[in-house]
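Reading through the structure tokens given below for one structure.
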Amino acid sequence: MPLEVRIPPMLRDCASGQTRFSITAGTLEEALRRLFETYPLLQVHLYDETQRLRQHVLIFFNGESVARLDHLDIPVRTGDQLTILQAVSGG
Amino acid sequence: MTVPQPDVQREDEHMHRYARQVVFPPVGEDGQRRLLGSTVLIAGCGALGSGIAELLARAGVGTLRLVDRDYLELHNLQRQSLYDERLLAEALPKAVAAARRIREINSSIVAEAHPTDLTGDNVLELFDGVDVVLDGTDNWETRYLLNDAAVRTGTPWVYGGVIGATGMSMSIVPGRTPCLRCIFPDPPPPGGDTCETAGVLGPAVWMVASVQAMSALRILLGDPPAARLTTVDAWNAGTEGLDLGDPVPGCPACDLRTGEFLNGARGTGVRLCGRNSVQIAARPGTRLDLGAVAIRLGSIGAVRHNEHLLKLHVDGHGLTLFADGRAIVSGTEDESVARSLYARYIGH
């Protein structure tokens, strides 16, 4: 199923200039894997050298923080959304 | 929050002035009196702080405590709505200019000017008697300091950030909602985009400032918003609210209450470094890709770099940045100027 992915505009260069695009996957786990296979530079910005999510990054699946999910083996359904955010500093 | 003394004539004037929000049921006359008796701290009077201060002044929040360490500059006028060319010509500190402008907008409220750097030494004093704190800062060090002070004093505060055409905000009510470090346990590393390097648009500022000001009004009216991260995309005229859940067990700020940023154990070490220069230390373990930083700063000023250090000349100052995030700012002995330059161009 196609999953809509949204990334911060500041990271658009990591995803061929896009901030919204689709990834086709059966589960959330597969969607994340395919996302970073397709756009490896995005993974560098979101994860540290130990593959831990950087502490100023948030990933939400349908409005729920992925960090609070028990597992990522969640089936993807039409209309599902993956939102990636970075803490915003300017003011 | 204090309830103003009864004064029938003044009360009538107030209710006439604020009639269009008093008639809105969640405010009402009682709510308006609460606002008039409230004190807010606006930390940073740049773009977000300008918008927040104007909205809260017009809403009749009784006392605005305005804190900022910077001076007005021409490039502020594009988005910092309290300021104009007349104030710029007087070369005023932003806190002073903001207070003057707020008094012109609403002479019946109190606007306190505090032209100072928010630090662990003065933040608790500035929090004294404050009902809610609004984040108008442009750097993480001050936000984490505000977070620690808010937890220590039990004061609600409203985070806001904006860059380019996007931004975000969240309300933090200590003991009830996640705090800043529950959501972002550590600040981003230096070297990321800032408004100076990535730009920022006025409408995005106003959207975030509006979310922050509305959150503050709800907190002051006794109806704080839920624990949500509001994201703003001004370019596409969109907002989204993301559920943040509960406070995180083990959070160093609100659960363990370490107060690391308040007591100086964390944060940027800043010290005078010889004649006319200030050194700013980054947190241990920081490693920067100086080549990437040089590309980002290329449009800002003259940049040279090698694998060990980067030199930037901007705003009449020299900034030497090392790969471990440490920097030496030359052309000043004022620590707040050095902090400001580091926050603007290197980010923190």
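What translational diffusion coefficient, in µm²/s and rounded to a whole number, does the Stokes-Einstein relation yield for segment A:2-86 at 4 °C and a viscosity of 1.567 mPa s, taking the hydrodynamic radius as the Kirkwood radius over Cα pairs? Estimated via Stokes-Einstein, D reaches 101 µm²/s.
For segment B:277-345, report the % of Cα-Cα distances exceeding 15 Å.
Values: 1096 of 2346 pairs.
Percentage above 15 Å: 47.
In plain terms, the residue of B:Trp235, B:Trp206, B:Trp157, B:Trp140 with the fewest other Cβ atoms within 10 Å comes first and the most crowded comes last, giving B:Trp235, B:Trp206, B:Trp140, B:Trp157. Taking a ≥ b ≥ c as the square roots of the eigenvalues of the Cα gyration tensor of segment B:38-243, is the shape rounded (a/c under 1.5), prolate (a/b larger than b/c) or oblate? In terms of gyration-tensor shape, rounded. Per residue, the average separation of C-alpha pairs within less than 8 Å and at least 6 apart gives chain A a relative contact order of 39 percent.
Label zone of B:Glu11 (point 7 Å out along Cα→Cβ, amide N under 11 Å): in segment B:28-53 this covers B:30.
Can you tell me how segment B:1-101 classifies by the Cα gyration tensor, rounded, prolate or oblate, using a/c under 1.5 as the rounded cut? It is prolate, given that a/c is not under 1.5 and a/b is the larger ratio.
Under the rule of -39500 (n - 2.57) per DSSP H run of 4 or more residues, summed and divided by the residues of the protein assembly as shown, what mean residue ellipticity at 222 nm is obtained, to the nearest 500 deg cm²/dmol? Show your work: numbers first, answer last.
Numbers: 15 runs with 136 residues, N = 439.
After summing the helix terms and dividing by residue count, I get -9000 deg cm²/dmol.
Among B:Val8, B:Val248, the order by Cβ neighbours within 10 angstrom, fewest to most, reads B:Val8, B:Val248. Just so you know, the Rg over Rh for chain B is 0.98, from Cα atoms, with Rh as the Kirkwood radius.
Per-residue extension of 0.36 nm, minus the Cα-Cα distance of B:Asp324 and B:Asp121, leaves a gain of 70.4 nm for this segment.
Quick one: Cα centre-to-centre distance for segment B:101-170 and segment B:209-226, in angstrom? Taking the Cα centre of segment B:209-226 as reference, the centre of segment B:101-170 is 14 Å away. Over segment B:1-116, what is the percentage of antiparallel beta bridges among all DSSP beta bridges, to the nearest 5? Of the beta bridges lying entirely in segment B:1-116, close to 10 percent run antiparallel.
Strictly greater than 29 Å: what percent of every Cα pair in the protein assembly as shown meets that?
Numbers: 45711 of 96141 pairs.
Tail of the P(r) past 29 Å holds 48 percent of the pairs.
Counting Lys and Arg as +1 and Asp and Glu as -1 over every other residue whose Cβ lies under 12 Å from the Cβ of B:Gly120, the net charge comes to -4.
Fewest first, what order do A:Phe61, B:Phe24, B:Phe184, A:Phe36 take by the number of other Cβ atoms within 10 Å?
Details: A:Phe61 20, B:Phe24 11, B:Phe184 23, A:Phe36 15.
Lowest to highest Cβ neighbour count: B:Phe24, A:Phe36, A:Phe61, B:Phe184.
Along chain A, the exposed loop sites are trypsin sites (Lys or Arg not before Pro) outside DSSP states H, G, I, E and B with at most 11 other Cβ atoms within 10 Å, and the longest stretch free of them is A:1-51. Over all other residues within a Cβ to Cβ distance under 14 Å of B:Arg287, the charged ones net out to -2, with Lys and Arg as +1 and Asp and Glu as -1. Within the shell defined by Cβ-Cβ distances under 14 Å, the residues around B:Gly238 carry a net charge of -1, with Lys and Arg each +1 and Asp and Glu each -1.
Here, each number is a calculation from the coordinates, and none is a lab measurement. Please read these numbers as outputs of a predicted model, since none were measured by experiment. Using ideal geometry, Cβ is built from the backbone for each residue, glycine included, and neighbour counts are taken over all protein chains shown.
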